[in-house]
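In what follows, a single structure is set out as structure tokens and then discussed.
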Amino acid sequence: MPLENPVFEASYRRLFGEGVSIGEDAEAFFEQFYDRFLEYPNIPELFAGVDLSKQVSMLRKSLYHLIACYLFDEPSADLQRLAAVHRQLGVRTQMFNVWLDALLATVAAHDPHYDEQVRLAWCWALSPGITYMKLASRDDGLL
């Protein structure tokens with residue numbers, strides 16, 4: 001089991017409420033994430049013709065699976081499937097950094113206590129899942 005991350009947990013509660021689920025009231029958070037994410041070069045072309053309302057729902061689930069990877073020290077079957085889809089779509093490893101930057105900017109905009117410590121806590125919690133996604137998106141067959 002990973003080390004406790006009370007700073008992340010407190011920020012998560014401020015954003016999404018108690019428990020591990022992410023309720024429907026978080027819709028604005030995820031919509032604003034996509035507003036930010038789509039500002040980066042080369043990202044909008046990946047979403048051409050994509051229903052962003054469905055993407056918002058997928059993002060909510062993806063975030064849950066990334067956090068579960070941190071909590072349980074292994075990628076779930078759902079995260080493995082998500083990684084396979086990203087690989088098939090040709091998502092490059094550096095795009096996961098862009099994704100994280102956009103997510104952190106959205107957390108900063110929504111968490112009134114956001115600071116460097118909160119940023120690092122989110123990075124710590126998401127790092128195992130994002131690292132898995134990066135490795136799984138590679139073409140060299142190492143994962």
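The values are calculated or read from the model by the stated rules, or taken from the named source; none is laboratory data. Worth saying up front: this structure is predicted, and the values here are computed from it rather than measured. Ideal geometry is used to build each Cβ from the backbone, glycine not excepted, and the neighbour counts take in all protein chains shown. Note: areas computed on protein heavy atoms with side chains; ligands, DNA, RNA excluded. Shrake-Rupley method; radii C 1.70, N 1.55, O 1.52, S 1.80 Å.
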Q) Which of the residues that make up the range 86-96 are open to solvent by 70 Å² or more (accessible area, probe 1.4 Å) and either in contact with a Pro (Cβ under 6 Å, 6 or more places away or on another chain) or in a helix (DSSP H, G or I) (or both)? A) Arg87, Gln88, Gln94
Q | Subset of the range 104-143 that is modelled with pLDDT of 95 or more and not in a helix (DSSP H, G or I) - its residue that is farthest from Leu71 (Cα to Cα) | A | Pro112
Q | Odd one out for Arg13, checked against (1) part of a helix (DSSP H, G or I); (2) open to solvent by less than 60 Å² (accessible area, probe 1.4 Å); (3) at pLDDT below 95; (4) not β-branched (Val, Ile, Thr) | A | (2)
Q: For the range 65-80, enumerate the residues that are farther than 22 Å from Pro6 by Cβ and acidic (Asp, Glu).
A: Glu74, Asp78
Q. Pairs, please: C-beta under 8 Å, at least 6 apart or cross-chain, first residue more than 13 Å from Tyr64 (Cα to Cα) and in the range 12-39, second among the β-branched types (Val, Ile, Thr) and at pLDDT 90 or above?
A. Leu15/Val107; Phe29/Thr106; Gln32/Thr106; Phe33/Thr106; Arg36/Thr106; Phe37/Val98
Q. Can you name every residue in the range 40-67 that is farther than 19 Å from Thr93 by Cα, free of Cβ contacts under 8 Å to residues at least 24 places away in the same chain and either in contact with a Cys (Cβ under 7 Å, 6 or more places away or on another chain) or buried (at least 17 other Cβ atoms within 10 Å of the Cβ) (or both)?
A. Gln55
